1. Mind putting a number on the dipole of segment 33-212 about its Cα centre? Charges go on the C-beta only, +1 for Lys and Arg and -1 for Asp and Glu, and I need it in Debye to the nearest 20.
2. Over all Cα pairs of segment 33-212, how is the pair count split among 10 Å bins, expressed in % and running from 0 up to the last occupied bin?
3. Please express the shape of segment 238-310 as an equivalent ellipsoid: the semi-axes are the square roots of 5 times the eigenvalues of the C-alpha gyration tensor, given largest first in whole angstrom.
4. Measure up Lys48/Lys179; Lys155/Lys210; Lys169/Lys205; Lys137/Lys162; Lys37/Lys137; Lys38/Lys143 against 20 Å on the Cα-Cα distance and list the ones that go over.
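Quick note: the coordinates plus some simple rules give every number you see, no bench work behind them. Just so you know, these numbers come straight off a predicted model, no measurement behind them. Using ideal geometry, Cβ is built from the backbone for each residue, glycine included, and neighbour counts are taken over all protein chains shown.
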Amino acid sequence: MFPLSFRKEEEFYVALTWIDKKLVAGHFEQSTCDKQKKCIFSPVVCEKRNDCNLIFSYSPHEDGWVDMEMFSTNDVPSNSYMAVGFSEDDSMGDDAVTQCVFLAGGEPTAHFSFNVGKSNVPPSDEIDKAAEEENLKLVHAHKGEDGMYCHWRQKNTNGESKFAPVLDKDHHIFLARGKARDGRSLDIHGLDPTSVNYPYITDKKLNMMKRGTNIPAPPNGTEAKVAEETSESSMDPQTRIWLIKVHGMLMIFAWIVMVASAVLSARYLRDHFSKSAPWGLKWWFHIHRTLNIAAVPLILISTLLIFIAKDWTWRGPSVNKSSSANTGAG
């Protein structure tokens, strides 16, 4: 028989080993990136500075299942969900979403949802609910002082349900976080590009079922090179938001102020200044015509700005989109 002190020491080490394994299983293991799984870090090259606020990884298996992990720092303690979106383009809309939700006083949950325009909706049809039940398995999730961590398994599908995406297909990957009202109702993420809750979008499409190297970082990982390459490949997010805001202001001023005033002048100023007719025309007609003509270049400039901001692509209603996508907000 072993001495009592030896047995206690052995039990202590067994317990310590068990705790250590639980901690490893419940946290994102960054050292296995580029070895056992592919990883996406936000912001770009943050892994070299050790200041990432979002990390996502995926590891495909031959049975069609993909292990996915997501980690978020606790820099915004009120955040209660993390989500990954699978998109055909780099803009929100018509995207399958997998979310991990941490509600106060409740168990973490994982669900499918879908972006209809700029709104996120949960599955309501039985076929979509069944797709979630069959193709999504939560492995482990927790929220603590160090942040939120979620590990789930998701199965590659044939696309019968739009909520369960075909993972063996190229997608832009969206990483988002924010507040959740319940397991299936997510509040909107940050809209300001300078916000820590602004979503991260991969500039290139990725296939979740393909094995390979980690998501490549720019050479040398320098911030200067990152900024330079980003400016060459796509517009700066702040510039894009600024163009969209100017587009909106010009459209509102042109239609609501100028065109509306032109209509009102034609309706209510006909009987005013009846004895004055510069160049043979009444004042109401001068006002009406001038405002309408001035509104035209503002509308054209506004239209030009939004196409520049959207990289000259049309993302509005289309015959190739579903009726819900064409009539949905955004």
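1. Around 380 debye, computed over segment 33-212.
2. Percent of Cα pairs in each bin: 10, 41, 39, 10, 0.
3. Listed largest to smallest, the semi-axes of segment 238-310 are 34, 10, 6 Å.
4. Check vs 20 Å cut-off fails for Lys48/Lys179; Lys38/Lys143.
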